[in-house]
Amino acid sequence: MLNYLYARCITAIIVIFGVSTLVFLLIHIVPGDPVEVMLGETAQLADREALRTALGLHLPLYQQWLNFMSQLFTLDPGTSIYSKREISSLLAERIPPTALLACASIITAISIALPLGIMAAVYRGSRWDIGAMTLSMFGISIPNFWMGPLLIMVFSLWLGWFPVSGNEGFASLILPAFTLGTALAALLSRMVRASLLEILNEDYIRAARARGLSQLAVILRHALPNAALPIITVLGMQFGALLAGAVITETIFSWPGVGQLTIEAIQKRDYPVVQACVLLISLTYVTVNLLTDLAYAFLDPRVRLEK
């Protein structure tokens, strides 16, 4: 188990290093000058050069990369070019709303996916199965940037049930959580169905039914726990997609999270903030996948024995 943990940690460190370098290069390749955004097109050349020197943008690209990596190793993301605030304080304000949205989206996805997947597996080939898989197909096909405005138009503008945007309490959380959760629920329900179909034909399931257990007891006590490993894997793998979708969803609903901060920083060419936000999302994704691998190895000893 320790060797498995060591190998996964080394892989995670390599991925984080590669992602941080790639993000740095891509941000500097994007057209646009943060000095011009801050001072305007009519600013004097001397003022531009003075600000560029003060921000360290006059240095060669490799020197800027070395400075960025040194800040990364010292866990100091630096200061925002635009607002002059510490990036750590900006992230501290935005991480809780994003974490709340991610947790709410996962709860929404599980609440939708488990009943649909179980129903589709138990009634395989029936109208319930076809209906559940059709709904999941719609969920996979509809992108967040279309689902979000549609929900706003129906439930906020027409019906007036929920706020259009912002973070004004629990009511403001429902629409963005549902927007993110439906896509994950669609994929997760298909995985629940496929995993249960493999388990339901096992001998111990027949033995449980022969002992007189109800269908619900057989599913919840025997089939679902043994089908949980691939479901956990899908949840971990899709968490990164959930964070990526949060960037779009937070922008649509004006949710004050890391995703909206990323878009604002890109618009202002605030290089340090963009790098910190993308790196935070990548680090979270790698960490969740590492924990998923460890959970998989803990639940199934065959996985760590193969490593």
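All of the numbers you see were taken from the coordinates with simple rules; none came from a lab. Predicted model only: the values in this text are computed from it and were never measured. Cβ sites come from the backbone with ideal geometry, for glycine too, and all protein chains shown count toward neighbours.
Select from L261, L216, L242 the residue whose mean-square fluctuation is largest in a Gaussian network model of the chain (Cα-Cα springs shorter than 10 Å). Judging by the Gaussian network model, the answer is L216. In order along the stretch 143-160, the phi-based Karplus estimate (6.51 cos²θ - 1.76 cosθ + 1.60, θ = phi - 60°) of 3J(HN,Hα) comes to x, 5, 6, 9, 5, x, x, 5, 5, 4, 5, 7, 8, 9, 7, 7, 8, x Hz; Gly and Pro are listed as x. Rounded to the nearest 10 degrees, the inclination of helix 228-252 to the longest alpha-carbon principal axis of the chain is 40 degrees.
Relative contact order, whole percent, for the chain stands at 26, derived from Cα pairs under 8 Å and 6 or more residues apart. Look at F145, F239, F253 and count the other Cβ atoms within 10 Å of each Cβ; fewest to most, that gives F145, F239, F253. The calculated 222 nm mean residue ellipticity attributable to helices in the chain amounts to -24500 deg cm²/dmol, summing -39500 (n - 2.57) over DSSP H runs of n ≥ 4 and dividing by all residues.
A cut-off of 5 Å between modelled amide H atoms, ignoring neighbours fewer than 5 places along the same chain, links T79 with I87.
Note on A7 and V164: their simple-model spin labels are 5.4 nm apart, each label 7 Å out from Cα toward Cβ.
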